[in-house]
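See below for the structure under consideration.
The values are calculated or read from the model by the stated rules, or taken from the named source; none is laboratory data. Bear in mind that the values here come from a model prediction, so they are computed numbers and not experimental data. Here the Cβ is made from the backbone with ideal geometry for all residues, glycine too, and neighbour counts use every protein chain on show. These accessible areas exclude ligands, DNA and RNA; they are computed on the full protein's heavy atoms, side chains included. Shrake-Rupley method; radii C 1.70, N 1.55, O 1.52, S 1.80 Å.
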Amino acid sequence: QVQLVESGGGLVQAGGSLRLSCAASGRTFSSYAMGWFRQAPGKEREFVATISWGGGSRRYADSVKGRFTISRDNAKNTVYLQMNSLKPEDTAVYYCAAGDGNGWYESGRGSSWYGYWGQGTQVTVSS
């Protein structure tokens, strides 16, 4: 069991930066792979980034590669998403997710792999 709470969203101009944080409860955080997903109004939730439980492997959606960086601090039970060079198309509610199943490398880009989700934080990028 893990509870996730996102923070750090807000309004930013195009080209600006934001850092999202996801704080997890409990003592099992280091055993979970973590992911970031986003959902814009009228669109399906889409994969953004994921990081392995040890932090040694990271994967990104093509749309954010080179601009976003996912990281984790297991001592603080926190995962981060550093977002640079933001574009209006990045506007969405961003969700943190946790999973501890098998096959992270193969399936960790799919929302169905994750069993735990935060409530989301709004990111709005103005043009």
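Are any of the residues in region 92-115 closer than 16 Å to Arg59 by Cβ, open to solvent by less than 50 Å² (accessible area, probe 1.4 Å) and aliphatic (A, V, I, L, M)? So far as region 92-115 goes, yes, one or more of its residues are closer than 16 Å to Arg59 by Cβ, open to solvent by less than 50 Å² (accessible area, probe 1.4 Å) and aliphatic (A, V, I, L, M).
If the condition is being at pLDDT 95 or above, among the hydrophobic types (A, V, I, L, M, F, W, C) and over 14 Å from the mean Cα position of the chain (by Cα), then region 79-112 contributes only Leu86. Within region 17-38, one or more residues are under 19 Å from Ser127 (Cβ atoms), under 13 Å from the mean Cα position of the chain (by Cα) and among the charged types (D, E, K, R). Looking at this structure, is Ala75 among the hydrophobic types (A, V, I, L, M, F, W, C) and under 15 Å from the mean Cα position of the chain (by Cα)? Spelling it out, it is not the case that Ala75 is among the hydrophobic types (A, V, I, L, M, F, W, C) and under 15 Å from the mean Cα position of the chain (by Cα).
Checked across region 59-75, the condition of being part of a strand (DSSP E or B), surrounded by 13 or more Cβ atoms within 10 Å (Cβ to Cβ) and touching a residue at least 40 places away in the same chain (Cβ under 8 Å) holds for at least one residue. Give the number of residues within region 11-56 that are part of a loop (DSSP other than H, G, I, E, B), open to solvent by less than 50 Å² (accessible area, probe 1.4 Å) and over 14 Å from Asn77 (Cα atoms). The qualifying residues number 2. For region 76-98, taking the residues that are in contact with a helix residue (DSSP H, G or I) (Cβ under 9 Å, 6 or more places away or on another chain) and part of a strand (DSSP E or B), the one that is farthest from Tyr116 (Cα to Cα) is identified as Met83.
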